[in-house]
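Working notes, beginning with the structure itself.
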Amino acid sequence: MITRLLTPEDKNRWLVLWAQYLDFYDVDLPNETTELVWQRILDKEDALQAYGAVEGDLLVGCVHYFFHGTTWKTSSYCYLEDLFVDQKQRSKGAGRALIQAVKTAAEQKGAAKVYWHTDKQNKTAQALYNKVANLTDFILYDIPL
């Protein structure tokens, strides 16, 4: 499994994966939001970064992440926001490879940690996450605006 930064040529396949990801979480975003996410991924100056997992010539998964400051460390944290692997391509190492790519990027930047959250019903993802990370006791709250 090869991981690499996404390129403009990946857009059509990324759109398929992004649509599947949004469908999994039962989210409907406006097209302009999706287009903005894609433009941010390609913008080297934007905080949002992305890797793709490629098997042969096919983009089979993607991960979006960014760095942010923290009050608890002198370095940054890395937030892994979205991770998705095409359902037909799962159990081949793409998810693990994408997490490792983000971990390596975080290490290179000197981040204190990589973290993420997932839906409590997403047992498939949790099976992988329990192998590569520590489950914390924190509970997530949010205020939709």
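Since every read-out is calculated from the coordinates, none of them should be taken as a lab result. Treat the numbers as computed from the prediction; the structure is a model and nothing was measured. Using ideal geometry, Cβ is built from the backbone for each residue, glycine included, and neighbour counts are taken over all protein chains shown.
Filter the stretch 27-66 down to the residues that are surrounded by 15 or more Cβ atoms within 10 Å (Cβ to Cβ) and of a type in the set (D, E) and list them by number.
E55, the sole residue that qualifies.
Could you grab the pairs with beta carbons closer than 8 Å, sequence gap of 6+ or different chains, first residue in the stretch 129-145 and without any contact (Cβ under 8 Å) to a residue 40 or more places away in the chain and surrounded by 10 or more Cβ atoms within 10 Å (Cβ to Cβ), second one aliphatic (A, V, I, L, M) and not in a loop (DSSP other than H, G, I, E, B)?
V132/I99; A133/I99; A133/V114
Of the residues L58, L48, L17, which single one is closer than 20 Å to A105 by Cβ and in contact (Cβ under 8 Å) with a residue 40 or more places away in the chain? Don't jump to the end; show me each part of the working.
Values: L58 fails: closer than 20 Å to A105 by Cβ; L48 fails: in contact (Cβ under 8 Å) with a residue 40 or more places away in the chain.
Within the list L58, L48, L17, the selection yields L17.
Please state which of the following conditions V16 fails to meet, knowing it meets all the rest: (1) over 17 Å from T124 (Cα atoms); (2) hydrophobic (A, V, I, L, M, F, W, C); (3) surrounded by 16 or more Cβ atoms within 10 Å (Cβ to Cβ).
That leaves (3) as the condition not met.
Which residues, taken from the stretch 67-92, are crowded, with 18+ Cβ neighbours inside 10 Å and small (G, A, S)?
The answer is none; no residue qualifies.
Sort out which residues of the stretch 47-92 are small (G, A, S) and under 15 Å from the mean Cα position of the chain (by Cα), and write them in order of number. Full working, then the answer.
Let us first name the residues in the stretch 47-92 that are small (G, A, S), namely 47, 50, 52-53, 56, 61, 69, 75-76, 91.
Once the filter is applied, which keeps residues that are small (G, A, S) and under 15 Å from the mean Cα position of the chain (by Cα), the stretch 47-92 yields A47, A50, G52, A53, G61.
Quick check on my filter: what residues within the stretch 20-36 are of a type outside the set (S, T, Y) and touching a residue at least 24 places away in the same chain (Cβ under 8 Å)?
Matches in the stretch 20-36: Q20, F24.
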